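Below: the structure, in structure tokens.
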Amino acid sequence: MTTQRTSGRRKQAFAAVAAVAALLTTAACGGGGDDGDNGSSTGAAGFDAANNKVAQASAAKKGGTLKFGGAQDADSWDTTRGYYGFMWNFARYYSRQLVTGKAEPGAAGAEITPDLATSTAKITDDGKTYTYTLRDGVTWEDGKPITSKDVKYGIERVWAQDVLSGGPVYLKDVLDPKGEYKGPYKDTSADKLGLKAIDTPDDKTIVFHLPQANSDFEEMLALVSASPVRQDKDTKSKYGLHPFSSGPYKFQSYSPGKDLTLVRNPEWKQASDPIRKAYPDKITVQFFSDANQLDQRLLNGDLDLDINQTGMSPQGRTTALKQHKANLDNPVSGYIRYAVFPQSVKPFDNVECRKAVIYGADHVSLQTARGGPVAGGDIGTNMLPPSIPGAEGQKYDPYELAGANKTGNEAKAKEALKACGKPSGFSTTIAVRNNKPVEVATAQSLQASLKKIGITAEIEQYDGSQTTGIIGSPANVKKKGFGIIIMGWGPDFPSVQGFGLPLWDSKYILDSGNSNYALIKDKTIDGLFDSYVTTLDDAGKEKIATEINHKVMEGAYYLPFVFEKFINWRSDNLANVYTTDGYSGMYDFVNLGLKSAK
């Protein structure tokens, strides 16, 4: 995900806006190095040993200090405001939700399991009523019980967008589509719990009443934005500096952009928590302004892993692949990187002109610009990430981008140009963020291959921090003539709704903060999304997700570059480590342990 659909903010979610991500500019360097000892008690576990499986599971000891490093701090550590994927992952140390993703590798990590609640929802009223009961023994860091009212209040904070901007607002959209509730800070009821869509008949029971069924509602409750917050501990806009813990760890100290330290929460009880093992005694994060310095500290063994989980930078990656391959995993990130064609900019209002670009591009060159097959990812053939139910991966390749046309098909491109009335080609502009060298490299690759078919593309670099007003404004895109926009997207939660709704549904075309850059207004696609949210069985949802992806690709609105992959580091001392689809291929932080707890 790169955006929040209603508020028009742009936030990277499942791959942070970290400097590290911006540095994936070189082609992957080949193998080298030993593949390691595959899980013995000393040394690294072996290349890809933790990719969708558990490495060093039995080696985890209680105690010690787990050391993270990062090239970027979180957008906020406030559970309501945080939107970076690594923040959602890390927040499970100090926050709990009614339900959460399973602490398991691969696809199982994206499945919903009870956390504060005794079970997943009891769903009644044709999918419009969700009822939960809280477990016994769940407490705050001062020992007071966590109540249903704390959960309700925590969710109500999502409505306070004027004070707590930045986080996802799915719950607000689904529970209060008309925007009638004004949030807890403007709530006139005595207890500040005036949101009518949530009932708390007693301290252990919470009931959600949806105006309309939404089959992903429980996925939304598993986001950290649904964490409880206790009213008397709510410091509003300052809450992210010291959140009050409902999990096994609590904040000891935090200096924004410098460091963060968590220590054990003595009031947390293992018996009340089926998810968290709480192996380390202490968890530290050190932030670096230089990604190469971070990588050097990882290579030296001073740190256990990178909190941002967006892959090593080219310099560190080269050394690691040659000398420390056994410390590396190469997960699929859940992100798709692509070019998109706004239909407001001629001649991209014509499907054949869009197809000309898709056929004319050299997909191997684009993959190389992204970092090659290892650090960049597999050639993207469609627009649904492999981790989303209903995705078909490279099996669905309607334009043969990973097949016959992988280095470009000049003949087919010229046929398409003729069909769109531009037999001798045309001129256009590629818009690309100036703070993403890898995107600039991708734009240059595309520019070179389009030149061969008579399409002249100028590259315009814009301020990456101003995305919302530059490419998020359809009026500005049209005015500037941005016929091709280079972007990336990952899911907020693993479903076609959590990934594609803001990109492809006509309701999400906004004057500012738009992310439906192609300006897709397709009644069939809109209708499929409407059907999806009321379809409650998994097989039915998968079928609709597949259909939506097919309709998007048939419209030729996008040129996918890669199903993105990363090279991520784990120290020799890291135990119980695995990647999870629940956090788009990141390591699952919540149950990491150390082999030696010195």
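The values are calculated or read from the model by the stated rules, or taken from the named source; none is laboratory data. Since the model is a prediction, treat every value here as computed from it, not as a measurement. Cβ sites come from the backbone with ideal geometry, for glycine too, and all protein chains shown count toward neighbours. Ligands, DNA and RNA are stripped out before the accessible areas are found, and what is left, the full protein with its side chains, is counted by its heavy atoms. Shrake-Rupley method; radii C 1.70, N 1.55, O 1.52, S 1.80 Å.
Around the Cα centre of the chain, unit charges on the Cβ atoms of Lys, Arg, Asp and Glu (plus for the first two, minus for the last two) sum to a dipole of about 980 debye.
Charge dipole of segment 341-428 (Cα centre as origin; +1 on each Lys and Arg Cβ, -1 on each Asp and Glu Cβ, all else neutral): 240 debye, rounded to the nearest 20.
Scalar couplings 3J(HN,Hα) for segment 49-66, obtained by applying the Karplus form with A = 6.51, B = -1.76, C = 1.60 to θ = phi - 60°, are 5, 10, 7, 6, 8, 8, 9, 6, 5, 7, 8, 5, 10, 6, x, x, 10, 7 Hz; x denotes Gly and Pro. Accessible area per residue for the chain is 34 Å², calculated with a 1.4 Å probe on protein heavy atoms, without ligands, DNA or RNA. Candidates Ser253, Leu171, Asn52 compared by Cα position along the dipole of the chain: farthest toward the positive end lies Ser253, with charges placed on Cβ. What is the calculated FRET efficiency for Lys236 to Ser119, with r their C-beta to C-beta distance and R₀ = 56 Å, to the nearest 0.05? After rounding, the FRET efficiency stands at 0.95.
Once backbone amide H atoms are built at 1.01 Å from N, Gln252 has Thr261, Leu262, Val263 as its partners under 5 Å, excluding neighbours fewer than 5 places away on the same chain. Beta-bridge orientation, the chain: approximately 70 percent antiparallel, per DSSP, counting only bridges with both partners inside. Both radii were evaluated on the Cα set of segment 441-539; the Rg over Rh quotient, with Rh as the Kirkwood radius, amounts to 1.05. When only alpha carbons are used to place a centre, segment 424-485 and segment 185-217 end up 45 Å from one another.
A simple charge model with +1 on the Cβ of Lys and Arg, -1 on the Cβ of Asp and Glu and nothing else charged puts the dipole of segment 186-291 at about 400 debye relative to its Cα centre.
From the Kirkwood radius over Cα pairs of the chain, Stokes-Einstein at 37 °C and 0.692 mPa s returns a whole-number translational diffusion coefficient of 134 µm²/s.
Fully extending the segment from Asn435 to Asp511 would add 24.9 nm, taking 0.36 nm per residue of separation and subtracting the current Cα-Cα distance.
Applied to segment 380-389, the Karplus parametrisation 6.51 cos²θ - 1.76 cosθ + 1.60 on θ = phi - 60° returns per-residue 3J(HN,Hα) values of x, 10, 7, 10, 10, x, x, 7, 8, x Hz, with x for Gly and Pro.
Within the accessible area of segment 255-356, the carbon and sulfur atoms contribute 45%, probe 1.4 Å, all protein chains present.
Projecting the Cα atoms of Ser215, Tyr396, Pro201 onto the charge dipole of the chain, computed from C-beta unit charges around the Cα centre, puts Tyr396 farthest toward the positive end.
Using θ = phi - 60° in the Karplus curve 6.51 cos²θ - 1.76 cosθ + 1.60, the 3J(HN,Hα) couplings for segment 275-285 round to 9, 9, 8, 6, 6, x, 7, 9, 10, 10, 10 Hz; x is entered for Gly and Pro. For segment 145-237, with all protein chains in place and a probe radius of 1.4 Å, 49% of the accessible heavy-atom surface sits on carbon or sulfur. For segment 227-303, the mean projected area of the C-alpha convex hull, equal to one quarter of the hull surface, is 6.8 nm². Extension gain for the segment Thr205 to Gln447, taken as residue separation times 0.36 nm less the Cα-Cα distance, is 81.3 nm to one decimal. Here the accessible area is traced with a 1.4 Å probe on the protein chains. For segment 395-531, carbon and sulfur cover 47 percent of it. Between Glu415 and Asp281, the simple spin-label model (points 7 angstrom out along Cα→Cβ) gives 7.0 nm. In terms of Cα atoms, the Rg and Dmax of segment 284-387 work out to 18.2, 55 Å. Note on the chain: dipole from Cβ charges, positive end direction compared against Ala475, Thr546, Gly154; the farthest Cα belongs to Ala475.
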